[in-house]
Structure formats: structure tokens, C-alpha cells
Amino acid sequence: MLLVSNIIAPKFFAIGRLRVSAAQMLFPITYIFGDVFTEVYGYSASRRAIWYGFFASFILVGLSYLAVIVPPAPEFKDQQAFDTVFRPVGRIVLGSLLAYWCGEFANSFTLAKLKLVTRGRYLWTRTIGSTVVGQAVDTTIVMLFVFYGRESFGVIFNLIVSGYLIKVIYETLMTPATYAVVNFLKRAEGVDTFDYRTNFNPFATRAAAEE
């Protein structure tokens, strides 16, 4: 979901006065996965998933760049179109990486802490509350990074507000599905992790995180 979102992110479309990046059709699902990982398996599991996505995106950046700069065969007539579509991916993915990294860790940290505060009750407060925090961080960073210098501040502000509202609404509407997946995994695997002694440092190793 993360990699596909990075590729389709440059295009945005209109919903009335709102302006929405095409990535927002898919990207909020990564936060739903993050909620499930953190709720069931704990912050450490979510941290690993975030880093896996982070490094996979670096591979996308590198291969996209190589695909653009490698000299095309004489019979390949679409180099300009290919360049137009894929050359911005580097900037977009770098912005997305920074936003994803900050937003996902904010999301997982908030959910893990709220789980302790609520003693594992009221899952909806954690999924929605963490989304409100994580998506605010993510959306602001990625829109500024991707569209600064390409669009006016008015358009960027519209994209931030529109994207944030749509992501929060999206994930709020997905709450019943999140409940179903979380409850299924807890029953099937007998796991329900509480991060009482977790090291919340994003760079902590597995051993350090479990001390």
C-alpha cells in the first residue's frame, strides 16, 4: 500500500472544493495496519513493520531513478512520458518517507499509550485518537515536502486540510473492520500486548526494546 501510494501521489483530484491526492485512496490503510500491529502485538512489532516499509521505499527510489536515467533503446519512444511520470518519484518518496516515519511512530506511540490509560478498553478511542495525531503529522509533512515550489500555499493548505479530514474520516469509518481484525487475531493467537515496559525509541534494537 505504501509503495503504490508513493507512485500515484503526484496526481490530485477534486471533490467539490477539496483537493485530494490520489495516494489517499490507499495510504490510510497503512495506518489501519499500524493500529492492528500495535494493538495486538505491541509497539515493537509496529516499529519493525514501519522500518520494513521505510527501507522498501528506499528501494523504490533507487530503482525508479535508475529506470529514468538508463539510456533507452532506439525503438523506445516513450522516454519523455516515462520521465515525466517517474522522475518526481524520488522527491515524493523522500517526502513520503519522512512523513510516514514521523506519522506512523506518532500513531503507534499514541495508541500504545492510550491502551495503557484505558487498560485495554474502548478500542475506538485508541484507533481514532492515534489517527488524529498521526495523520496530522503525516499529512502536513508530506504535502509541504511534495508540493512546495510546485503549487501555491493556498493549494497546499487545501491539500493538507482536505487530506487530513479524508484520512481521519476514512479510518473512523473503518473502525468496525479494525475491531473485527483485532478481535480475530487476539482470539486466534492468544496475544494482547500491553507496552508497560517498552522502550519507545524508534531506533531501539529488539533486545533493548524488550528490556
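Give the residue, chosen from 29, 50, that is among the β-branched types (Val, Ile, Thr), under 22 Å from residue 141 (Cα atoms), touching a Pro at 6+ places or on another chain (Cβ under 9 Å) and at pLDDT 85 or above.
The conditions single out 50.
So, in region 1-43, how many residues would count as being assigned to a loop (DSSP other than H, G, I, E, B) and out of contact with any strand residue (DSSP E or B) (no Cβ under 6 Å at 6 or more places or on another chain)?
Of the residues in region 1-43, 8 are assigned to a loop (DSSP other than H, G, I, E, B) and out of contact with any strand residue (DSSP E or B) (no Cβ under 6 Å at 6 or more places or on another chain).
Please go through region 166-184 and give me each residue that is in contact (Cβ under 8 Å) with a residue 40 or more places away in the chain and not basic (Lys, Arg), ordered by number.
166, 168, 170, 171, 172, 174, 175, 177, 178, 179, 181, 182, listed by residue number.
Listed here are the residues, each with its yes/no results for (1) at pLDDT 90 or above; (2) buried (at least 20 other Cβ atoms within 10 Å of the Cβ); (3) among the hydroxyl-bearing types (Ser, Thr, Tyr).
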residue: 117; (1), (2), (3): yes, no, no
residue: 128; (1), (2), (3): yes, no, no
residue: 148; (1), (2), (3): no, no, yes
residue: 153; (1), (2), (3): no, no, no
residue: 178; (1), (2), (3): yes, yes, yes
residue: 205; (1), (2), (3): no, no, yes
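Condition test on residue 160, is it within 18 Å of residue 101 (Cα to Cα), free of Cβ contacts under 8 Å to residues at least 24 places away in the same chain, in a helix (DSSP H, G or I) and not small (Gly, Ala, Ser)?
Yes, satisfied.
Looking only at residues in region 97-126 that are of a type in the set (S, T, N, Q) and closer than 26 Å to residue 55 by Cβ, which one is farthest from the chain's Cα centre (by Cα)?
Taking the candidates together, the pick is 110.
Kindly list the number of the only condition in (1) among the aliphatic types (A, V, I, L, M); (2) out of contact with any Ser or Thr (no Cβ under 7 Å at 6 or more places or on another chain); (3) in a helix (DSSP H, G or I) that fails for residue 204.
Condition not satisfied by residue 204: (3).
Go through (1) of a type outside the set (Val, Ile, Thr); (2) part of a helix (DSSP H, G or I); (3) closer than 30 Å to residue 161 by Cβ one by one and return the number of the condition residue 63 breaks.
(3)
The values are calculated or read from the model by the stated rules, or taken from the named source; none is laboratory data. Treat the numbers as computed from the prediction; the structure is a model and nothing was measured. Don't worry about glycine lacking a Cβ; one is built from the backbone with ideal geometry, like all the others, and counts go over all protein chains shown.
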